[in-house]
Amino acid sequence: MWKELNGRVKYLLKTILLLIGGTSVGYSAADHDYVFEAGHSSLQEWLLPDLPPIPDDNRPTASRIELGKKLFFDPRLSGHGNMSCATCHSPMLGWSDGLATARGFKSQILPRATPTIVNVAYNSIQMWDGRKRSLEDQAIGPMEAVAEMHANLAELIPWLGNNEGYKSLFKSAYPNEGINRSTLAKAIASFERTIISNDSPFDQWVKGNSTALSKQQILGFKLFVSEDKGNCAVCHSAPNFTDNGFHNIGLKSFGNEPPDLGRFSQKPLAIMKGAFKTPTLRDITLTAPYFHDGSITTLTDVVDHYVRGGDIKTNLSPNMKTSLDLNSEEVAAIIAFLQALEGTPKPITLPMLPL
Amino acid sequence: MMIREQLKNKSKPFSILSLVLMWSLILNYQSTVWAAEFEVGQKNKAFSVPVLKIKQGDTVKFTNNDPFFHNVFSLSDAKFFDLGSFPQGEFRQVTFDKKGTVEVECAIHPTMKLKIIVE
Ligand SMILES: [Cu+2]
């Protein structure tokens, strides 16, 4: 009660100061005055909105989602008929593949790790380097990529049109739009928007269940958001634990010759060399190994990476600290908190595919 | 002579703009003398205004009000610049010497976008 009041008074003071001083008055370092009590109003920004952003021309319907699910799991969409989206984004492996970096067409090793598609619906930008804007934009990419599914859409689309099952599924999902790149992408995107993790112990605690998190996990959350300690939330920000931004966090592979320049290939600015998109941390326990190069296998090693401020520090994000002041108990608390971000596993029924 | 106009985070740019406009109508217009300065804040990963109309020769001051670094750059033909990244409380200024539309962004947070129309 007192804490809450105290928070309010601080907020008021801040507002007054701001009004007097205009933009010249700095905000206090702790910009978020969180009160670390289950259900507290200051924490509500961490809850995902019930619905992710959805484009007007692709409102979800049961038939769109059903069609998208079949397409997502159908290996016949690939050039050799043996690789589906789910080959790499498998629900059995946290909607990823458990590999350091992906294996593509004829098992070739791809340069980057497969990101989970959990909560991609909430991303405002897609891919490690942000080269795709929306899920609709993204969906055809891997199908046509020679190194991935290696499909020929000029053959695939007539094949779908000649398949009685798909023909009627497309008809009920997109009645007047036909079978084409656009409806194919829209159906897959509609399915992806249903892969959501929003009921983790952390979410339950934010909603008011005081026993959902252990004391250690609450401490971990405090350290996670504290700029002087973990400093994680600067980039892994509310509500999806991402700022949808790009950072070079000093991975060893940035020292490779030549390194993967990441975001720089899209935005040729020095600061973007070796910068990659901040991934969500929801369901993070299900998607090892970590980082775009799959170079780290455990969450302990991830946190240790941040404690030493990365390895190759030649173009470190300005939002990354060059070292963190965390003792081993505090590191353990942050890891315990990350474990509290795993949603209740939802059983998934595999679709029957139209022959 | 120089008019310094402060655009506060939540004030409407239009009232200040029209003020500047009125002044320039009342007095004899001389482009070199009438350069104005506009302030745009960066707060909660957004620019304080989505669109800003200015005149050729005007300066825009970008101030970071978030407790982490932002960047400011533009790859537009009308003005090509990269102000680097800077922390809370610091600012960077750019003078717009060519007419046209300038798309300003933050490289770190691509959802931060601002369109500056230089007339
Ligand atoms: Cu920014």
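Read the figures in this text as sums done on the coordinates, not as results from a lab. Just so you know, these numbers come straight off a predicted model, no measurement behind them. Positions of Cβ are generated from backbone atoms using ideal geometry, with glycine treated the same way; all protein chains shown enter the neighbour counts.
Details
- Distance between the 7 Å Cα→Cβ label points at A:SER323 and A:LYS167: 7.0 nm.
- Segment A:205-355: relative contact order in percent, alpha carbon pairs under 8 Å with at least 6 residues between: 29
- Between A:ALA332 and B:GLU90, the simple label model (points 7 Å from Cα in the Cβ direction) yields a spacing of 3.9 nm.
- Computed over the alpha-carbon pairs of segment A:161-265, the distance histogram in 5 Å steps reads 2, 9, 11, 12, 10, 10, 10, 11, 10, 8, 4, 1, 0 percent, short to long.
- Length-normalised contact order of segment A:108-173 in % [C-alpha pairs under 8 Å, at least 6 apart]: 15
- Charge context of A:ASP243, other residues only, Cβ under 12 angstrom, K/R +1, D/E -1: +1
- Shape class for segment A:84-152, computed from the alpha carbon gyration tensor (a ≥ b ≥ c): oblate, with a/c not under 1.5 and a/b at or below b/c.
- Values of log10 I(q)/I(0), in the order q = 0.17, 0.20, 0.22 Å⁻¹, for segment A:240-355 under a Debye, Cα-only, solvent-free model: -0.90, -1.16, -1.33
- Note on segment A:129-187: Kirkwood hydrodynamic radius from all Cα pairs is 12.3 Å, rounded to one decimal.
- All Cα pairs of the protein assembly as shown, percent lying beyond 45 Å: 20
- Count, lysine Cα pairs under 29 Å in segment A:201-288, 8 or more residues apart or across chains: 14
- Normalised by the number of residues in chain A, the average gap of Cα pairs under 8 Å and 6 or more apart makes the relative contact order 20 percent.
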